[in-house]
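The values are calculated or read from the model by the stated rules, or taken from the named source; none is laboratory data. If you're wondering where the values come from, they're calculated on a predicted model, not measured in any experiment. Backbone-built Cβ (ideal geometry, glycine too); neighbour counts: all protein chains shown. Keep in mind that these areas ignore ligands, DNA and RNA; they rest on the heavy atoms of the full protein, side chains included. Shrake-Rupley method; radii C 1.70, N 1.55, O 1.52, S 1.80 Å.
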Amino acid sequence: NGTVDRPMVFMPVSRSQPWGGFFMRTSQGIFQATGTILTGSGADPNGGAGHRSEQCLFLVDGSPRVTLTDSAAIYLAGQFGHAYGGGTFNFTRFLLQRATTGGEYTGARFTVNDGAFIDFPDDSANFVDGDNDALYFVSGTHAFTKTLFGWTKDDGIDSGGSGFGRLTYQSCWFESTFHEGNSLSGYKNVVSRDTVYHDCGQGIENGYNAP
């Protein structure tokens, strides 16, 4: 634990030599941090999971918990996370900026208050169709309040696959996503209140099955 003024920092010795990440493989696993900055993870370009091959900062299997408060994950060489089947993620006043993607999550539970998920992988104008989403949810229950998503080469939040899930957005903002702000497919129950979709390829995509 650190503070906003004196944060704890996880970083490589050299930016050109990234470190790896955290492997959380048991349901009893807990990563809890306050006032913490994580940067330069993702050393293995082929050590990832899901739609991207790069190593994740948090690779979760089972139902461990990741809680970040007044914290940031910035300038990652790979993905932010991946959940094979479960996992609970609680973020309060959290920034994720500059990763290949926020990652893919199956059966997980996200709760975010006062967050920002931006720049995947960068804020340039070049077009890339490579699953550079802020977040990708296959299934699970997720709630976002006062959270910004933007400047992605693909979607703000992709909820692909045929899984069941509930997504709730309260006072959120989606901006400058090359494809969809929300890409919806599968059996998803989605509620957006006081939420803006601005300068997106599409605001909301109503895909296959029954979103």
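Just one of (1) without any contact (Cβ under 8 Å) to a residue 40 or more places away in the chain; (2) open to solvent by 10 Å² or more (accessible area, probe 1.4 Å); (3) hydrophobic (A, V, I, L, M, F, W, C) trips up residue 138, so point out which.
Among (1) without any contact (Cβ under 8 Å) to a residue 40 or more places away in the chain; (2) open to solvent by 10 Å² or more (accessible area, probe 1.4 Å); (3) hydrophobic (A, V, I, L, M, F, W, C), the lone unmet condition for residue 138 is (1).
Inside the stretch 146-162, can you point out the residues that are part of a strand (DSSP E or B), surrounded by 22 or more Cβ atoms within 10 Å (Cβ to Cβ) and in contact with a Ser or Thr (Cβ under 8 Å, 6 or more places away or on another chain)?
Across the stretch 146-162, the qualifying residues are 149, 151, 152, 157, 158, 159.
When you scan the stretch 1-28, how many residues do you find that are without any contact (Cβ under 8 Å) to a residue 40 or more places away in the chain, within 15 Å of residue 81 (Cα to Cα) and of a type outside the set (Lys, Arg)?
4
Working carefully through the options 123, 114, find the one that is of a type in the set (Asp, Glu), open to solvent by 50 Å² or more (accessible area, probe 1.4 Å) and in a strand (DSSP E or B). Quick ask: steps written out before the conclusion?
Details: 123 fails: in a strand (DSSP E or B).
Only one candidate passes the filter, namely 114.
Taking the stretch 83-110, which residues are open to solvent by 10 Å² or more (accessible area, probe 1.4 Å), part of a strand (DSSP E or B) and of a type outside the set (Asp, Glu)?
88, 90, 92, 93, 95, 97, 109
Please note which strands (runs of 3 or more DSSP E) are completely contained in the stretch 1-80 and include at least 3 residues that are open to solvent by less than 60 Å² (accessible area, probe 1.4 Å) and hydroxyl-bearing (Ser, Thr, Tyr).
65-74
Are any residues in the stretch 126-145 part of a loop (DSSP other than H, G, I, E, B), more than 13 Å from residue 102 (Cβ to Cβ) and hydrophobic (A, V, I, L, M, F, W, C), and if so, which ones? Walk me through how you get there before you give the answer.
Filtering the stretch 126-145 down to residues part of a loop (DSSP other than H, G, I, E, B) leaves 126-134, 138-139.
In the following step, the residues that additionally are more than 13 Å from residue 102 (Cβ to Cβ) were identified as 126-130, 138-139.
Result: 127, 128, 138.
For the stretch 28-63, which positions are under 24 Å from residue 121 (Cα atoms) and among the β-branched types (Val, Ile, Thr)?
The answer is 36, 37, 39, 60.
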